[in-house]
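Working notes, structure below.
Throughout, read-outs are computed from the coordinates displayed, never taken from laboratory work. In this text the structure is predicted, and so the values were computed from the model without any measurement. Cβ sites come from the backbone with ideal geometry, for glycine too, and all protein chains shown count toward neighbours.
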Amino acid sequence: MGIFDFLSGQFIDVIHWTDDTRDTMVWRFEREGHEIKYGAKLTVREGQAAVFVHEGQLADVFTPGLYMLETNNMPIMTSLQHWDHGFQSPFKSEIYFVNTTRFTDQKWGTKNPIICRDPEFGPVRLRAFGTYSVRVTDPGKFLQEIVGTDGEFTMDEISFQIRNIIVQEFSRVVAGSGIPVLDMAANTADLGKLVATAISETIAAYGLSIPELYIENISLPPAVEEALDKRTSMGVVGDLGKFTQYSAAEAMTKAASNPGGGGMAAGLGAGMGMAMGAQMANPGPWGAAPSAPAAAPTPPPPPAEHVWHIAENGQTTGPFSKASMGRMVTEGKLTRDSYVWTEGQDGWLKAGDVAELARLFTVMPPPPPGA
């Protein structure tokens, strides 16, 4: 092997990474048997960051751009600086490319129900699921805290931990929100923002952020949903008696039009029709629903009794009931010319002009003729 072939094996001119996957977060530049050439070009594309690790320590983080690795203060040890080692430098530097774009459409959900106290239903168990997106905001911290020396780190390796954090904070936020279950569908956007804010500090410690978090559905146990559907159906039906009559009429129509039933079906339909007609025309013992006997009509409320005020010599007295007014007529304290007023009356009127009070003055016989 010639000297130039040996040198070409030792030198790398361009350092870059193009990712054709959807889930790779970190990729280590493979340099087995190679050293980084002094003056090599480092290409960092948009949506990437390059992290240099020298002798096991994080040395530098490069943002998108084109860099020439030629300054002496960079933590890059090249073979050209160690001729005495025969191009086998004891100083090793590693380059990790970090994907800083958003990883979207990540799934989360509750494995077990969350117990909450609902103001309308009492203790309930809830399940929820949704999606979120995640991105690397601090490549150096992400490499130190999560990736370590993994040469190819994917989203699947961190997604389980993120889901656990989201479910934990979702449980806490929902349990303390006080939002009724029936109103949660209208507040999923606000709940998602609260959960994203609650987990931001924990996620930031990993060098990550959650730009988006969506709650797609919050559901109740099947038995509770079935009971809720029945309650909704009762509200839609309305008058249960009329609905029963309508259902019976529908069944009668289907039975009468069934060709397989023959004359028996026709007779049954006619009989049911006559019974239904009698029931709807003459509601009585047979007209009431079988399971709901007709209730007795409720008597109307008693009429409100008027009370009266009396005006005399610029002063008002009262209120007086009609019985008290009758005693005052008997005692001569109230006459036909006394001014009275009650609620709803248009101004003061003479007692003799008020129909309700005029009858009080006819109880006593009038003075005899010639008196």
Zone of THR21's modelled label, taken as backbone nitrogen in the stretch 141-176 under 11 Å from a point 7 Å along Cα→Cβ: 151-157
Gained length - THR317 relative to GLN161, 0.36 nm times residue gap less alpha-carbon distance: 47.9 nm
Distance between modelled label sites at GLU305 and GLU30, nm, 7 Å Cα→Cβ extension: 10.4
³J(HN,Hα), Karplus 6.51/-1.76/1.60, whole Hz, each residue of the stretch 345-362, x for Gly, Pro: 8, 7, x, 7, 10, 6, 4, x, 8, 9, 4, 5, 9, 4, 5, 5, 7, 8
Convex hull (Cα only) mean projected area of the stretch 103-220, reported in nm² to one decimal: 7.1
In order through the stretch 313-321: 3J(HN,Hα) via Karplus (6.51 cos²θ - 1.76 cosθ + 1.60), integer Hz, x for Gly, Pro: 6, x, 10, 10, 10, x, x, 10, 6
Estimated FRET transfer efficiency (PHE361, GLU216; beta-carbon r; R0 56 Å; 0.05): 0.10
9 Å beta-carbon shell around LYS350, net charge (K/R +1, D/E -1): -1
Cβ-based exposure ranking for LYS254, LYS111, LYS322, in which fewest neighbours within 10 Å come first: LYS111, LYS254, LYS322
For ILE115, net neighbour charge (Lys/Arg +1, Asp/Glu -1) across residues whose Cβ lies under 13 Å away: +3
Which of ALA128, ASN164, VAL147, positive extreme of dipole for the stretch 103-220 (C-beta unit charges): ALA128
Ranking of PHE29, PHE153 by count of other Cβ atoms within 10 Å, fewest first: PHE29, PHE153
The stretch 108-216, relative contact order [Cα under 8 Å, separation at least 6], %: 42
Proximal lysines to LYS141, defined as alpha-carbon separation beneath 22 angstrom and excluding residues fewer than eight positions away on the same chain: LYS92
Reachable aspartates and glutamates, given that their alpha-carbon falls under 18 Å from the alpha-carbon of LYS333 and they are not under 8 places away in the same chain: GLU312, ASP353, GLU356
Summed residue charge, Cβ within 14 Å of ASN217's Cβ, Lys/Arg positive, Asp/Glu negative: 0
